[in-house]
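One structure is given here, and the rest of the page talks about it.
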Amino acid sequence: MKEKLQQIKEAALLELKAADCDTEALRVRYLGKKGELTAVLRGMGALTPEERPVIGQMANEVRAEIEAALTARVAEEKEKALNDRLAREKLDVTMPGTPSRMGHQHPLTRAQREMEEIFIGMGFEIAEGPEVEYDYYNFKALNIPENHPARDTQDTFYITDNILLRSQTSPVQVRVMEKQSPPIRVISPGRVYRSDALDATHSPLFHQMEGLVVDKGITMSDLKGTLETFAKKMFGEETKIRFRPHHFPFTEPSAEVDVSCFVCGGKGCRVCKGEGWIEILGAGMVHPFVLENCGIDPEVYSGFAFGMGLERVTMTRYGIDDIRLFYENDERFLKQF
Ligand code: PHE
């Protein structure tokens with residue numbers, strides 16, 4: 001039995017040295033419940049009482065030795081695996097990195113920020129209003145009663161008979177005047193909606209920027225001066241503006257305002273379609289009815305308002321000929337700005 005134990009030990013230790021040793025299989029084969037060492041211990045019953053403790057002790061020693069060698073071998077393998085992995089995954093921190101692509105502001109956002117800066121520079125504050133609006137603010141308070149023809153050109157999307165997606169930023173005028181007493185000097189940029197089919201110059205969703213000034217003694221020349229300053233800052237110092245008589249129910253008198261074409265300087269070219277002028281906004285003196293609707297006395301105060309299309313201004317500024325380009329998220333377009 002001693003020889004048998006000796007044999008088992010030698011065989012196990014030898015196998016453990018082999019390069020392709022399967023340590024787990026070896027543990028089962030020698031030390032497991034059905035393993036060789038256990039088999040020997042089972043045969044102990046046949047021994048004499050004197051032999052039993054001697055063989056028992058020896059068997060324990062053999063087991064301990066095999067276990068120790070096995071543990072050492074497993075530890076060795078683990079370390080080797082770790083070293084291999086470290087070598088494989090070695091990182092050269094001096095290698096040039098892969099640059100991540102930086103995005104930037106959408107051209108409309110950029111134009112909006114630029115316009116905001118210009119008006120803030122003239123003392124305006126930014127006011128906001130809801131895109132889902134009451135008929136009252138979008139139309140009635142602006143002197144556009146039901147069945148007024150002005151509603152035709154501003155047909156929009158209705159949530160209920162009374163609630164709609166605003167077709168212009170002008171309702172913000174009313175909301176500001178209801179809350180604030182003069183002097184008022186605000187601009188209000190934001191989304192507006194109209195049930196227009198999408199084509200090169202129309203979109204059911206677009207953006208406007210409203211302007212409103214109310215104070216004592218505000219006149220048309222204040223409006224002209226403000227818009228001229230804006231146009232020069234936005235399109236260049238040589239830019240001229242032109243007022244054409246127009247009609248809006250909420251301003252009186254009303255005008256449409258053009259800027260001289262910044263490409264040809266007014267001679268006529270492709271950008272201004274040979275006109276020399278480009279229309280960018282509607283404006284006028286706030287109608288006395290509108291002031292009254294908002295609890296402001298038109299005998300004491302007067303004001304002007306204007307509203308311009310953000311897409312319009314941006315397209316003019318950058319020579320973009322299709323409004324759809326703004327909404328398609330095509331990077332080939334967006335990257336140019
Ligand atoms: N809200 C008008 C439009 O959408 C523009 C406008 C604003 C006109 C303010 C006059 C004063 O056409």
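Among the residues of segment 297-314 satisfying the criterion of being over 18 Å from Ser167 (Cβ atoms) and open to solvent by 10 Å² or more (accessible area, probe 1.4 Å), which is nearest to the ligand (Cβ to nearest atom)?
Ser302
Where in segment 17-112 are the helices (runs of 4 or more DSSP H), entirely inside, with at least 1 residues that are within 30 Å of Ile320 (Cβ to Cβ)?
In segment 17-112, there are no helices (runs of 4 or more DSSP H) which contain 1 or more residues that are within 30 Å of Ile320 (Cβ to Cβ).
Scan segment 10-25 residue by residue and report those that are touching a Phe, Trp or Tyr at 6+ places or on another chain (Cβ under 9 Å) and either under 14 Å from Thr71 (Cα atoms) or not hydrophobic (A, V, I, L, M, F, W, C) (or both).
Ala12, Glu15
Let me confirm something: among Gly268, Gly295, Gly319, which residue is modelled with pLDDT under 95, more than 38 Å from the chain's Cα centre (by Cα) and not polar (S, T, N, Q)?
Gly268
So Ala283 ticks every box in (1) of a type outside the set (Ser, Thr, Tyr); (2) more than 10 Å from the ligand (Cβ to nearest atom); (3) under 23 Å from Gln112 (Cβ atoms) but one. Which box is left unticked?
Looking at each condition in turn, Ala283 falls short on (2).
Quick one: which of Lys224, Lys267, Lys232 is farther than 17 Å from Ile118 by Cα, of a type in the set (D, E, K, R) and not in a strand (DSSP E or B)?
Lys267
Kindly establish whether Phe326 is closer than 23 Å to Ile184 by Cα and surrounded by 14 or more Cβ atoms within 10 Å (Cβ to Cβ).
When the stated conditions are applied, Phe326 does not pass them.
What is the number of the single condition among (1) touching an Asp or Glu at 6+ places or on another chain (Cβ under 6 Å); (2) within 11 Å of the ligand (Cβ to nearest atom) that Val290 does not meet?
For Val290, the failing item is (1).
Would you say Gly274 is open to solvent by 40 Å² or more (accessible area, probe 1.4 Å), in contact with a helix residue (DSSP H, G or I) (Cβ under 9 Å, 6 or more places away or on another chain), more than 11 Å from the ligand (Cβ to nearest atom) and among the small types (Gly, Ala, Ser)?
Considered against the rule, which asks whether it is open to solvent by 40 Å² or more (accessible area, probe 1.4 Å), in contact with a helix residue (DSSP H, G or I) (Cβ under 9 Å, 6 or more places away or on another chain), more than 11 Å from the ligand (Cβ to nearest atom) and among the small types (Gly, Ala, Ser), Gly274 comes out as no.
Among the numbered criteria (1) assigned to a helix (DSSP H, G or I); (2) touching a residue at least 24 places away in the same chain (Cβ under 8 Å); (3) hydrophobic (A, V, I, L, M, F, W, C), which single criterion is violated by Ile144?
Of (1) assigned to a helix (DSSP H, G or I); (2) touching a residue at least 24 places away in the same chain (Cβ under 8 Å); (3) hydrophobic (A, V, I, L, M, F, W, C), only one is false for Ile144: (1).
Restricting segment 160-207 to residues that are away from the ligand (no atom under 16 Å from the Cβ) and closer than 25 Å to Arg324 by Cα, which is least open to solvent (accessible area, probe 1.4 Å)?
Ala200
One residue is enough: does segment 242-251 have a residue meeting the conditions closer than 30 Å to Asp152 by Cα, within 35 Å of the chain's Cα centre (by Cα), open to solvent by 40 Å² or more (accessible area, probe 1.4 Å) and within 14 Å of the ligand (Cβ to nearest atom)?
Scanning segment 242-251 turns up no residue that is closer than 30 Å to Asp152 by Cα, within 35 Å of the chain's Cα centre (by Cα), open to solvent by 40 Å² or more (accessible area, probe 1.4 Å) and within 14 Å of the ligand (Cβ to nearest atom).
Is one or more of the residues making up segment 289-307 out of contact with any Cys (no Cβ under 6 Å at 6 or more places or on another chain) and under 24 Å from Gly103 (Cα atoms)?
No, segment 289-307 contains no residue that is out of contact with any Cys (no Cβ under 6 Å at 6 or more places or on another chain) and under 24 Å from Gly103 (Cα atoms).
Go through segment 219-241 and give me each residue that's within 21 Å of Pro298 (Cα to Cα) and open to solvent by 30 Å² or more (accessible area, probe 1.4 Å).
Thr219, Met220, Ser221, Asp222, Lys224
Being closer than 20 Å to Thr251 by Cα and touching a Gly at 6+ places or on another chain (Cβ under 8 Å) is true for just one of Pro183, Pro171. Which residue is that?
The match here is Pro171.
Could you say which residue among Ile241, Ile218 is of a type in the set (A, V, I, L, M) and without any contact (Cβ under 8 Å) to a residue 40 or more places away in the chain?
Going through Ile241, Ile218 in turn, just one is of a type in the set (A, V, I, L, M) and without any contact (Cβ under 8 Å) to a residue 40 or more places away in the chain: Ile241.
For segment 113-141, which residues satisfy the criterion of being part of a strand (DSSP E or B) and more than 14 Å from the ligand (Cβ to nearest atom)?
Within segment 113-141, Glu125, Ile126, Val132, Tyr134 qualify.
Evaluate the following for Val74: is it β-branched (Val, Ile, Thr) and within 55 Å of the chain's Cα centre (by Cα)?
yes
Restricting attention to segment 141-156, report how many residues are closer than 16 Å to His287 by Cβ and surrounded by 17 or more Cβ atoms within 10 Å (Cβ to Cβ).
Number of matching residues: 4.
In this structure, is Glu210 open to solvent by less than 40 Å² (accessible area, probe 1.4 Å), touching a residue at least 12 places away in the same chain (Cβ under 8 Å) and assigned to a strand (DSSP E or B)?
Considered against the rule, which asks whether it is open to solvent by less than 40 Å² (accessible area, probe 1.4 Å), touching a residue at least 12 places away in the same chain (Cβ under 8 Å) and assigned to a strand (DSSP E or B), Glu210 comes out as yes.
The values are calculated or read from the model by the stated rules, or taken from the named source; none is laboratory data. Since the structure is predicted, the reported quantities are computational estimates derived from the model, not experimental observations. Neighbour counts are summed over all protein chains in view; Cβ atoms, including those assigned to glycine, are modelled from backbone coordinates with ideal geometry. These accessible areas exclude ligands, DNA and RNA; they are computed on the full protein's heavy atoms, side chains included. Shrake-Rupley method; radii C 1.70, N 1.55, O 1.52, S 1.80 Å.
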